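The values are calculated or read from the model by the stated rules, or taken from the named source; none is laboratory data. From a predicted model like this one, the values you see are computed outputs, not experimental measurements. Glycine gets a Cβ as well: all are built from the backbone with ideal geometry, and neighbour counts include every protein chain shown.
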Protein chains: 2
Amino acid sequence: MVVSTINDSSPLSFSNDTTIPASTFSSNSFVNVEKGDPVAFGPYWEKLRDECMIEIKGDEWMSYFGDANNLCWYMVPPMRDAILRLHNAVGNVVTKDKFLVLGTGSSQLYQALLYALSPSEPSDRPINVVAATPYYSEYKDATDILQSRLFQWIGDAALYDKDEPYIELVTSPNNPDGTLRAPVVNSGAEGKVIYDLAYYWPQYTPITYEVDHDVMLFTFSKCTGHAGSRIGWAFVKDIEVAKKMIRFVHLNSIGVSKESQIRAAKMIEVICDGYQNLKSTKSDHLFFDYGKRLMKERWEKFKGAIEQSKIFTLTKYPTSYCHFNKDLSEQYPAFAWLKCMEGIENGESYLEKLKIRTRGGERFGVDAKYVRVSMIGTNDEFIELCTRLSNAKRE
Amino acid sequence: MVVSTINDSSPLSFSNDTTIPASTFSSNSFVNVEKGDPVAFGPYWEKLRDECMIEIKGDEWMSYFGDANNLCWYMVPPMRDAILRLHNAVGNVVTKDKFLVLGTGSSQLYQALLYALSPSEPSDRPINVVAATPYYSEYKDATDILQSRLFQWIGDAALYDKDEPYIELVTSPNNPDGTLRAPVVNSGAEGKVIYDLAYYWPQYTPITYEVDHDVMLFTFSKCTGHAGSRIGWAFVKDIEVAKKMIRFVHLNSIGVSKESQIRAAKMIEVICDGYQNLKSTKSDHLFFDYGKRLMKERWEKFKGAIEQSKIFTLTKYPTSYCHFNKDLSEQYPAFAWLKCMEGIENGESYLEKLKIRTRGGERFGVDAKYVRVSMIGTNDEFIELCTRLSNAKRE
């Protein structure tokens with residue numbers, strides 16, 4: 001594949017060949033692929049912009065309450081219905097016999113869960129929070145920001161050998177490296193597991209089975225790309241855990257934006273309507289089909305650029321059968337996780353010289369040879385990223 | 001005033017006499033005036049429902065970022081502009097030389113402020129958080145929920161005599177009792193003050209001057225009644241405090257709903273347009289004029305009911321000149337704060353027997369003779385509240 005000809009390709013269109021338009025990126029600017037702003041799916045929603053439009057009138061959704069009859073009293077019924085419908089369509093999680101708790105993004109629910117899973121009685125020993133490296137770079141700071149006596153960040157789950165209760169975070173597919181994960185703590189102590197399933201959607205990974213755990217987290221941001229809405233949700237089995245989470249959200253922000261709920265519900269309805277009316281919907285109009293083609297195309301171009309550069313190696317992913325897409329497929333993670341070849345000690349600094357801004361391995365609990373690169377930024381950034389990587393020569 | 005004839009009055013209309021419509025409340029149901037859901041202003045917004053409508057298309061506001069050039073990177077420019085325009089129109093706060101920090105309601109910003117005003121270095125002594133009684137019932141739990149080592153709830157500011165740094169909360173007008181407040185701590189130790197100005201709007205209290213403090217909190221909920229949007233904001237003088245608050249909001253929820261920001265900006269624009277085009281706007285169409293008339297009418301009816309019942313006494317409020325309304329006016333707080341007459345020890349229990357659900361004094365740090373009653377609930381609830389109170393006879 002000749003990456004340098006990307007700039008000649010035609011503008012993105014709703015065809016089976018999700019071609020990538022020309023970049024207008026200035027060669028003097030930094031390519032910022034450090035963050036995970038999921039704007040890659042913007043062009044899809046632009047095509048459906050009117051179909052997805054919401055209207056909210058002056059007197060609508062004024063109350064703190066969304067549904068006083070629901071345990072999660074701030075969640076509006078259309079939001080609840082849309083989330084359940086989406087999981088039913090995708091088949092990625094068992095929702096039966098679970099409590100659905102809505103949050104201001106999954107970040108808020110992460111903290112709600114730490115609160116809910118910690119012992120209620122004050123203790124001198126906070127519960128230990130661990131995750132296998134490389135782990136999501138925000139977990140540590142989000143855990144320790146208020147220096148709680150209830151919980152504390154410890155670090156690598158694989159090294160955990162204390163005989164004390166713990167909470168293990170399992171992000172699968174993982175951020176930053178896209179790998180599929182299971183708990184790794186090897187300790188006789190009592191452990192609770194939070195499954196962060198932010199990336200368990202068909203555009204990123206084959207849906208191999210319906211996940212069924214006690215505590216599972218999802219975010220709207222990485223599902224459809226609407227990060228600005230700050231909508232996340234959790235499925236939890238234990239009503240006492242759900243109640244404590246809802247109490248946290250109450251004290252933290254008195255619920256979740258009703259406008260965001262209405263918007264998220266609408267976007268999800270449009271996605272699900274597409275799959276429900278399969279016969280009348282062109283497959284290139286189906287969100288996850290589009291998303292997967294886009295991610296696949298990006299990954300192919302990116303791999304070509306990495307091979308040409310001979311500076312980095314990439315994580316290898318297995319091929320699995322996707323029950324949603326009904327095909328054998330690789331993974332196309334939202335982030336690429338690069339390891340420098342021998343002789344380069346700091347990937348982030350190295351790429352900084354190429355005017356590529358990334359997030360270095362140390363933020364993820366591993367060494368600086370590793371670096372995370374967003375695959376879900378704007379098209380311009382992505383093309384420029386590939387061009388700069390493929391033109392890079394070993395110093 | 002004969003409160004029992006309320007039911008005969010005509011439906012609420014946009015006239016100078018903001019009459020209160022008949023209640024359809026079932027006599028078997030509880031009247032719930034325990035919470036502060038500000039739905040009283042709903043009928044106003046219903047009249048302007050189309051004028052205030054927002055539309056959001058499928059591809060709009062997808063990013064985490066609202067304005068990458070602003071310190072508060074998740075705030076969209078229309079939100080910032082609307083907040084500044086509103087304060088400029090009302091004249092209730094000095095916004096010059098302050099940093100504007102947006103939050104998911106003022107609840108989130110309260111916690112962001114505790115984090116930002118606490119010492120950055122870990123210490124064995126959390127900073128002490130105090131507020132004069134009666135104080136907002138959620139402060140204590142919101143402060144202590146995560147048992148932070150950075151800060152801890154102490155209680156009554158008037159009793160604070162430790163020689164240790166502290167944060168004093170000054171809510172003015174106060175929730176629950178509507179009084180105007182200033183700091184009361186009498187200690188030589190270093191103190192920081194958070195001014196919670198949630199109710200410093202012309203429908204509740206005369207705007208006597210432009211408040212100018214280092215840290216001031218506002219909420220959209222109590223300003224326009226749109227509690228479901230979860231929008232709050234703070235003006236802070238010190239950039240380091242602002243930066244720490246923004247870091248908290250980042251880790252807590254990665255910003256604030258863009259949909260809510262667009263909605264709040266629109267509502268505020270409609271309010272400000274009304275006052276800007278004064279000549280062409282009927283005064284009964286002006287939000288704060290309407291709001292004040294509604295609150296005044298409710299308070300007059302409520303006082304009549306309380307007088308008739310001979311069970312409670314009410315807080316007395318001074319009359320002041322309002323620079324916004326350009327008249328002498330009483331206060332019409334969002335909550336009524338009742339004290340039981342001699343012989344009744346528990347106001348909440350007493351009212352529970354009348355099928356009126358309230359929040360008792362102990363939640364506010366005082367004794368059970370006191371009780372808080374929402375004045376900003378639905379019209380039906382309010383009428384039924386007055387009817388039940390005026391019919392109540394001393395046992």
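Overview of results
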{"read-out": "Residues of the range A:105-135 satisfying the condition of being touching a strand residue (DSSP E or B) at 6+ places or on another chain (Cβ under 6 Å) and either more than 10 Å from chain B (Cβ to nearest Cβ) or part of a strand (DSSP E or B) (or both)", "value": "A:Leu113, A:Leu117, A:Ile127, A:Asn128, A:Val129, A:Val130, A:Ala131, A:Thr133"}
{"read-out": "Test: residue in the range B:308-330 that is in contact with a Ser or Thr (Cβ under 9 Å, 6 or more places away or on another chain), closer than 18 Å to B:Asn379 by Cα and buried (at least 19 other Cβ atoms within 10 Å of the Cβ)", "value": "no"}
{"read-out": "Matching option when the condition is outside any loop (DSSP other than H, G, I, E, B), of a type in the set (Val, Ile, Thr) and surrounded by fewer than 22 Cβ atoms within 10 Å (Cβ to Cβ), among B:Ile194, B:Ile154", "value": "B:Ile154"}
{"read-out": "Selection within the range A:40-79 - more than 7 Å from chain B (Cβ to nearest Cβ), small (Gly, Ala, Ser) and not in a loop (DSSP other than H, G, I, E, B)", "value": "A:Ala40"}
{"read-out": "Residue list for the range B:251-277, filter: surrounded by 24 or more Cβ atoms within 10 Å (Cβ to Cβ) and either more than 8 Å from every other protein chain (Cβ to nearest Cβ) or touching a His at 6+ places or on another chain (Cβ under 8 Å) (or both)", "value": "B:Gln261, B:Arg263, B:Ala264, B:Met267, B:Ile268"}
{"read-out": "Number of the exception - A:Ala234 against (1) part of a strand (DSSP E or B); (2) at pLDDT below 95", "value": "(2)"}
{"read-out": "Boolean, A:Gln261 is of a type in the set (S, T, N, Q) and at pLDDT 95 or above", "value": "yes"}
{"read-out": "Enumeration of residues in the range B:119-138 that are surrounded by fewer than 23 Cβ atoms within 10 Å (Cβ to Cβ) and of a type in the set (Ser, Thr, Tyr)", "value": "B:Ser120, B:Ser123, B:Thr133, B:Tyr136, B:Ser137"}
{"read-out": "Where B:Asn28 falls short, out of the listed (1) part of a loop (DSSP other than H, G, I, E, B); (2) within 9 Å of chain A (Cβ to nearest Cβ)", "value": "(2)"}
{"read-out": "Count of residues meeting criterion [free of Cβ contacts under 8 Å to residues at least 40 places away in the same chain and under 15 Å from B:His213 (Cβ atoms)] in the range B:94-129", "value": "1"}
{"read-out": "The range A:300-315, residues that are under 20 Å from A:Thr179 (Cα atoms) and in a loop (DSSP other than H, G, I, E, B)", "value": "A:Thr315"}
{"read-out": "Residues of the range A:206-235 satisfying the condition of being more than 14 Å from chain B (Cβ to nearest Cβ) and out of contact with any strand residue (DSSP E or B) (no Cβ under 8 Å at 6 or more places or on another chain)", "value": "A:Tyr209"}
{"read-out": "The range A:251-282, residues that are within 12 Å of A:Met75 (Cβ to Cβ) and part of a helix (DSSP H, G or I)", "value": "A:Lys258, A:Ser260, A:Gln261, A:Ile262, A:Ala264, A:Ala265"}
{"read-out": "A:Lys244, sole failed condition from (1) of a type outside the set (A, V, I, L, M, F, W, C); (2) surrounded by fewer than 24 Cβ atoms within 10 Å (Cβ to Cβ); (3) touching a helix residue (DSSP H, G or I) at 6+ places or on another chain (Cβ under 9 Å); (4) away from chain B (no Cβ under 14 Å)", "value": "(4)"}
{"read-out": "Contacts under 7 angstrom Cβ, first residue in the range B:134-162 being on the phi > 0 side of the Ramachandran plot, partner among the basic types (Lys, Arg), 6 or more apart", "value": "B:Gln147/A:Arg149"}
{"read-out": "Residue in the range A:80-101 that is in contact with a strand residue (DSSP E or B) (Cβ under 6 Å, 6 or more places away or on another chain), within 12 Å of chain B (Cβ to nearest Cβ) and not in a helix (DSSP H, G or I) present", "value": "no"}
{"read-out": "Residue pairs meeting the criteria (Cβ under 9 Å; at least 6 apart or on separate chains; first assigned by TED's automatic domain parsing to the domain that holds A:Ile83, in the range A:231-244; second among the aliphatic types (A, V, I, L, M) and part of a loop (DSSP other than H, G, I, E, B))", "value": "A:Ile231/A:Val256; A:Gly232/A:Ala198; A:Gly232/A:Val256; A:Trp233/A:Met75; A:Phe235/A:Val94; A:Ile239/A:Leu71; A:Ala242/A:Leu71; A:Lys243/A:Leu71"}
{"read-out": "Of all residues making up the range A:320-342, the number that are assigned to a loop (DSSP other than H, G, I, E, B) and either among the aromatic types (Phe, Trp, Tyr) or free of Cβ contacts under 8 Å to residues at least 12 places away in the same chain (or both)", "value": "4"}
{"read-out": "Hey, A:Gly91 surrounded by fewer than 23 Cβ atoms within 10 Å (Cβ to Cβ) and either closer than 23 Å to A:Asn174 by Cβ or free of Cβ contacts under 8 Å to residues at least 60 places away in the same chain (or both) or not", "value": "yes"}
{"read-out": "Qualifying positions in the range B:158-206 - among the β-branched types (Val, Ile, Thr) and in contact with a helix residue (DSSP H, G or I) (Cβ under 6 Å, 6 or more places away or on another chain)", "value": "B:Ile167, B:Val184, B:Val185, B:Ile194"}
{"read-out": "Hits in the range A:94-113 (condition: surrounded by fewer than 19 Cβ atoms within 10 Å (Cβ to Cβ) and basic (Lys, Arg))", "value": "A:Lys96"}
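To keep it simple, each residue is scored yes or no on (1) closer than 26 Å to B:Tyr115 by Cβ; (2) out of contact with any Lys or Arg (no Cβ under 8 Å at 6 or more places or on another chain); (3) among the basic types (Lys, Arg).
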residue: A:Gly178; (1), (2), (3): no, yes, no
residue: A:Gly188; (1), (2), (3): no, yes, no
residue: A:Ala198; (1), (2), (3): yes, no, no
residue: A:Pro202; (1), (2), (3): no, no, no
